[in-house]
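Visitor: Have a look at this one.
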Amino acid sequence: MSIHLSRDLENVQRRLLSLASAVEELVEKSIRALFDRDAELARALMESDTSIDLEETVIEEECLKILALHQPVAIDLRRVATIVKINSDLERMADLAVNIAERAFSLAESHPVAVPGTFRRMTDLTITMVRDSLDAFVNLDVALAKRVCRLDDEVDRYNREIIDQVSDLMKAAPAQVDPGLHLFSAARQLERIADHATNIAEDVVYLVEGKIIRHHPEALST
């Protein structure tokens with residue numbers, strides 16, 4: 001690897017990790033706004049992802065410049081490809097976090113609703129997946145990345161349980177219909193954030209081993 005390629009890769013990865021930190025914070029705050037019924041925080045978060053969108057564009061442009069100027073191969077090419085994909089997943093996570101903030105704002109303004117305990121477990125697990133997928137990328141930790149992938153099924157299970165629980169709540173009390181729909185939506189956004197964390201984890205495996213494990217669940221046991 002040339003000195004210039006090494007420098008440019010380090011710079012773009014540094015920007016990616018800074019973006020990851022901002023997205024992780026946005027996800028955590030959106031969830032806090034939901035549980036705390038904090039309309040003010042939710043409103044602020046709803047207007048906060050413009051800088052993330054701009055940074056996502058800059059990182060993508062920098063990766064394209066690296067491809068054009070240095071024509072990397074092998075592990076260096078996989079690293080650029082992985083950064084591009086993770087960059088996109090992070091931007092989508094930010095959009096989903098803003099969607100959760102919108103639901104949090106609506107819930108804060110609506111009839112109080114009992115949030116199922118399963119919802120807290122789902123949010124905790126989703127945040128863990130986001131953090132661990134990024135840690136796996138930083139440390140090139142394939143074992144951790146595969147563990148994140150395996151957790152996705154558990155998030156899906158929690159999501160189905162929440163749908164059943166909130167459906168029962170809405171049937172029992174018509175006043176809970178509107179807030180229940182907001183909870184449905186928030187749970188769906190969380191489930192999609194977990195999907196993006198899984199994507200990042202799968203990309204880590206590709207980066208380290210050169211293997212595409214998406215759609216190959218048997219690869220998670222090796």
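Visitor: Taking the condition over 19 Å from residue 194 (Cβ atoms) and assigned to a helix (DSSP H, G or I), does residue 34 pass?
Guide: Spelling it out, it is not the case that residue 34 is over 19 Å from residue 194 (Cβ atoms) and assigned to a helix (DSSP H, G or I).
Visitor: Give region 11-31 a look and list any residue that's among the acidic types (Asp, Glu) and farther than 13 Å from residue 193 by Cβ, or say none.
Guide: 25
Visitor: Filter region 131-164 down to residues that are among the β-branched types (Val, Ile, Thr) and at pLDDT below 95 and give me whichever is nearest to residue 89 (Cα to Cα). I'd like the intermediate steps shown before the answer.
Guide: If we filter region 131-164 for residues that are among the β-branched types (Val, Ile, Thr), which is where we start, we get 138, 142, 148, 155, 162-163.
Subsequent filtering for residues that are at pLDDT below 95 retains 138, 162-163.
Details: 138: 16, 162: 25, 163: 25 Å.
It comes out as 138.
Visitor: Something else: Looking at (1) assigned to a loop (DSSP other than H, G, I, E, B); (2) of a type outside the set (Gly, Ala, Ser); (3) farther than 28 Å from residue 186 by Cα, which is the only condition residue 69 fails?
Guide: (1)
Visitor: Here's another thing I want to ask about it. Does any residue of region 114-132 turn out to be more than 24 Å from residue 200 (Cβ to Cβ), among the hydrophobic types (A, V, I, L, M, F, W, C) and assigned to a loop (DSSP other than H, G, I, E, B)?
Guide: Yes; the residues of region 114-132 include at least one that is more than 24 Å from residue 200 (Cβ to Cβ), among the hydrophobic types (A, V, I, L, M, F, W, C) and assigned to a loop (DSSP other than H, G, I, E, B).
Visitor: Can I ask one more? Out of the residues in region 157-200 that are among the hydroxyl-bearing types (Ser, Thr, Tyr) and either more than 17 Å from residue 110 (Cβ to Cβ) or not in a helix (DSSP H, G or I) (or both), state the one that is farthest from the chain's Cα centre (by Cα).
Guide: Result: 167.
Visitor: Could you tell me whether any residue of region 184-192 is farther than 30 Å from residue 16 by Cα and of a type in the set (Lys, Arg)? Before you say what the answer is, go through the steps one by one.
Guide: Within region 184-192, the subset farther than 30 Å from residue 16 by Cα is 184.
Still in the running and of a type in the set (Lys, Arg): none.
No, because not a single residue in region 184-192 is farther than 30 Å from residue 16 by Cα and of a type in the set (Lys, Arg).
Visitor: Within region 27-56, count every residue that is more than 25 Å from residue 113 (Cα to Cα), in contact with an Asp or Glu (Cβ under 9 Å, 6 or more places away or on another chain) and free of Cβ contacts under 8 Å to residues at least 40 places away in the same chain.
Guide: The number of residues fulfilling the criteria is 1.
Visitor: Does residue 138 satisfy the condition of being surrounded by fewer than 23 Cβ atoms within 10 Å (Cβ to Cβ), among the hydrophobic types (A, V, I, L, M, F, W, C), over 18 Å from residue 100 (Cβ atoms) and touching a residue at least 24 places away in the same chain (Cβ under 8 Å)?
Guide: Values: surrounded by fewer than 23 Cβ atoms within 10 Å (Cβ to Cβ): yes; among the hydrophobic types (A, V, I, L, M, F, W, C): yes; over 18 Å from residue 100 (Cβ atoms): yes; touching a residue at least 24 places away in the same chain (Cβ under 8 Å): yes.
Criteria met by residue 138.
Visitor: Continuing with the same structure: Across region 37-57, what is the total count of residues that are within 22 Å of the chain's Cα centre (by Cα), exposed (fewer than 13 other Cβ atoms within 10 Å of the Cβ) and part of a helix (DSSP H, G or I)?
Guide: Here the count works out to 5.
Visitor: Which one of these does residue 87 not meet: (1) part of a helix (DSSP H, G or I); (2) of a type in the set (S, T, N, Q); (3) farther than 17 Å from residue 137 by Cβ?
Guide: So the condition that residue 87 fails would be (3).
The values are calculated or read from the model by the stated rules, or taken from the named source; none is laboratory data. Predicted, not measured: the structure shown is a model, and the values here were computed from it. All Cβ positions, glycine included, derive from the backbone under ideal geometry; neighbour counts span all protein chains shown.
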